[in-house]
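The values are calculated or read from the model by the stated rules, or taken from the named source; none is laboratory data. The model shown is predicted, which means the values in this text are computed figures rather than measured ones. Because the Cβ atoms are built from the backbone with ideal geometry, glycine has one as well, and the counts that use them run over all protein chains shown. Just so you know, the surface numbers come from the protein's heavy atoms only, side chains and all, with ligands and any DNA or RNA stripped out. Shrake-Rupley method; radii C 1.70, N 1.55, O 1.52, S 1.80 Å.
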Amino acid sequence: MTRQKPSPLIVLGSGYTGRVLHKTGTSQGKTVHATSRNPLKNLADISSEQRLRFDLEQPSTWPNIPAGADLIWCFPATPLEQVQAFARTLDAPPRRMVILGSTSAYEESDHSADYPPPWIDESAPIDRTKPRVQGEEFLRANCGAIVLRVAGIYGPGRNPLDWIRQGRVGLSRKYVNLVHVDDLSAICLLALDKGKPGEAYNVSDGTPHTWDEICVTAPQRWGVTVAATQENRTSGKRISNAKLRAELSYTFKHPDLYEALALIESGTG
């Protein structure tokens, strides 16, 4: 019996997460292609046979995606009309499709006065007026896409301590949910293999922190100066990753934010 050749993996969009995905998938022995609107310029460090030109707004580039490939969609699935049109051109539906969404899809709680805020799982209402949510839900309902609702992504080159140094965030009671890019890329590939088509999974390390807590720890451990910022009284969200852990049996490489930040600061993470 001839063993079926594994489907190629196409990473749609090669930004911060897409590049890590390409590297991680390749290290696992997968045939991975990265895409860009301008691959010669933006993907010069990736071998020519592994890069494809793709632009959702340029239908002439859509046939560059091989039929039957697995897809991991890394940029917002908007506008809806283009998403729908592209999906119709997939003459053989992708064997598997994973969409990187955002936890911003969840509606703000009616219980915003509650503090700490309630935990949010995948049964919570989503805001279907948001364009990217409309695209994600179309692909989930019509193409069997697995939607990952991703928390804030951090890692080398995207360091939350730098956000504090730059004054982008400061002392606040607001909760923030984060996930290391290495965990996110591993979860994408795991969802591709084991996720249930048409399901949504929250992707967060499962330990929300307040900016107050992070901004107190940063000076103590790393001498980071916390700039004065306008007070933020919003409560934020607390994202549950229980479904991800239960159904995909994923064990996080970076479950502890502060240990991960120490690695990033030392240049080894």
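For labels at K196 and S27 in the simple 7 Å Cα→Cβ model, what's the distance in nm?
3.1
How many Å² of accessible area per residue for the chain, probe 1.4 Å? Kindly include the intermediate steps, with their values, before the conclusion.
Details: 13300 Å² over 269 residues.
Accessible area per residue, the chain: 49 Å².
Taking N as the number of residues in the stretch 1-76, what is its alpha-carbon radius of gyration divided by 2.2 N^0.38 Å?
Details: Rg = 12.4 Å, N = 76, 2.2 N^0.38 = 11.4 Å.
Taking the Cα Rg and dividing by 2.2 N^0.38 Å, one obtains 1.09.
Between helix 80-89 and the chain, what is the angle of the helix's C-alpha long axis to the longest principal axis, kept within 0 to 90° and rounded to the nearest 10?
30
What is the helix-to-structure angle for 16-27, meaning the angle in degrees between its Cα long axis and the longest Cα principal axis of the chain, kept from 0 to 90 and rounded to the nearest 10?
Helix 16-27 and the main axis of the chain meet at about 60 degrees.
Step through the table entries K41/K196; K30/K174; K41/K194; K130/K243; K41/K243; K30/K130, compare each Cα-Cα distance with 32 Å, and write down the pairs that go over it.
Numbers: K41/K196 36 Å; K30/K174 40 Å; K41/K194 34 Å; K130/K243 24 Å; K41/K243 39 Å; K30/K130 34 Å.
From the list (K41/K196; K30/K174; K41/K194; K130/K243; K41/K243; K30/K130), the Cα-Cα distance tops 32 Å for K41/K196; K30/K174; K41/K194; K41/K243; K30/K130.
How large is the direction-averaged shadow of the alpha-carbon convex hull of the chain, in nm²?
Details: hull surface 63.6 nm².
In nm², the orientation-averaged hull projection of the chain is 15.9.
What does the net charge come to around Y106 if you take all other residues with beta carbon closer than 9 Å to its beta carbon, with K and R at +1 and D and E at -1? Mind dumping the intermediate values first?
On the way: positive: R149, K237; negative: E107, E108, D127.
Within the 9 Å Cβ shell, the charges total -1.
I need the per residue convex hull volume for the stretch 131-198, using only the alpha carbons, in cubic angstrom as a whole number.
119
Can you tell me the length gained on complete extension of the stretch Q220 to T268, counting 0.36 nm per residue apart and subtracting the Cα distance?
Working: separation 48, 0.36 × 48 = 17.28 nm, distance 2.04 nm.
Length gained, Q220 through T268: 15.2 nm.
Among all the aspartates and glutamates, which ones have a C-alpha under 18 Å from K237's C-alpha, if same-chain residues fewer than 8 places away are not counted?
Within the straight-line limit of under 18 Å, K237 reaches these aspartates and glutamates: E107, E108, D110, D114, D121, E122, D127, D205, D212, E213.
If I take every Cα pair under 8 Å that is 6 or more residues apart in the chain, average their sequence separation and divide by the length, what percent do I get for the relative contact order? Show your work: numbers first, answer last.
Values: 488 pairs, mean separation 47.6, N = 269.
Value for the chain: 18 percent.
Take the solvent-accessible surface of the protein heavy atoms, probe 1.4 Å, and return the percent of it on the chain that carbon and sulfur atoms account for.
For the chain, the apolar C and S fraction of the accessible surface comes to 49 percent.
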